[in-house]
Amino acid sequence: MTNESVMFTTVTDEERFEKMNEQGSPPVLTGGWTRHMGKAVQFLVPEGRDTHAEGFGIHENISQITHILMAQMTAKKGIAEFGDRAIEAIIKEYDQLDKKKAFLPRSYESLKPQERHDALRSITLVSEKRSGRIKGRTVADGRPQRKYTAPEDVHSPTVSTEGLMTSLAIDAKERRYVVTADVEGAYLHANMDETVIMMFDDDMVDYMVETNPEKYGPHVHINKYGKKRLYVQLLKALYGCMQSAMLWWKLLTSTLVEEGFVVNPYDPC
């Protein structure tokens with residue numbers, strides 16, 4: 001069982017290569033893995049090409065690498081770049097979360113001062129897919145949870161490399177029929193196991209209210225600086241919270257066990 005992961009666009013995309021060539025910009029080149037970026041992006045170096053002799057500047061390469069890695073941008077930057085298409089994508093994302101019953105709106109007065117202080121910020125990202133479609137994604141900024149949550153309490157087991165390779169070898173040897181599956185919005189199938197408050201700010205409040213005015217509108221709060229805020233209680237394991245991966249793992253494991261599967265005692269994942 002594996003955790004949900006973020007997929008990055010790579011420069012192996014033929015359309016991106018063609019676009020860069022049309023603009024007169026060379027594709028990103030590298031002879032191997034870099035310390036950090038190499039883990040996220042796989043680079044394609046045409047066979048027989050001398051990357052050192054062609055004299056591409058390191059700053060230009062870094063600029064292109066950064067552009068690829070930052071395919072997901074903040075909502076503010078996404079709206080500046082894509083306009084109404086980005087706003088529509090954000091509202092669609094919020095609408096999907098509302099229909100999944102991920103949020104319970106909370107009025108400012110219903111929250112204790114400490115709950116308001118500890119509220120996680122919502123982060124809405126915008127990205128452009130290969131098809132040209134604009135997609136919004138909302139996550140929680142779970143970093144403040146590190147202050148009061150021990151990592152071992154929210155640990156989500158993952159398959160070991162050795163276990164995966166051994167299983168694949170057995171599958172190949174015995175000619176087993178192997179099926180892989182993707183669970184749409186995986187974490188959101190799991191219920192949150194404690195009270196976690198998250199807040200939306202400024203324009204994001206308006207977009208959230210637009211999805212369900214009667215539900216969220218009465219709970220909008222204007223702070224002393226004139227900024228809009230909307231507090232919600234997380235009912236589902238939203239991506240970004242420290243415990244979300246563990247909650248999804250528990251749900252998936254219990255569901256599979258109920259269907260007759262047995263957890264591997266040597267590599268429980």
Among strands (runs of 3 or more DSSP E) entirely inside region 194-269, those with 2 or more residues being open to solvent by less than 30 Å² (accessible area, probe 1.4 Å) and either closer than 27 Å to TYR148 by Cβ or among the hydroxyl-bearing types (Ser, Thr, Tyr) (or both) are 197-201, 228-234
Within region 87-136, residues within 24 Å of MET73 (Cα to Cα), assigned to a loop (DSSP other than H, G, I, E, B) and open to solvent by 90 Å² or more (accessible area, probe 1.4 Å) come out as ARG130, SER131, ARG133
Those residues of region 196-253 which are β-branched (Val, Ile, Thr) and without any contact (Cβ under 8 Å) to a residue 12 or more places away in the chain amount to ILE222
When region 159-176 is checked residue by residue, the ones that are assigned to a helix (DSSP H, G or I), of a type in the set (Ser, Thr, Tyr) and open to solvent by less than 90 Å² (accessible area, probe 1.4 Å) are THR166, SER167
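The values are calculated or read from the model by the stated rules, or taken from the named source; none is laboratory data. Note that the structure is predicted; figures quoted are calculated from it, not measured. When we count neighbours, we look across all protein chains shown, and the Cβ atoms used for this are built from the backbone with ideal geometry, even at glycine. Note: areas computed on protein heavy atoms with side chains; ligands, DNA, RNA excluded. Shrake-Rupley method; radii C 1.70, N 1.55, O 1.52, S 1.80 Å.
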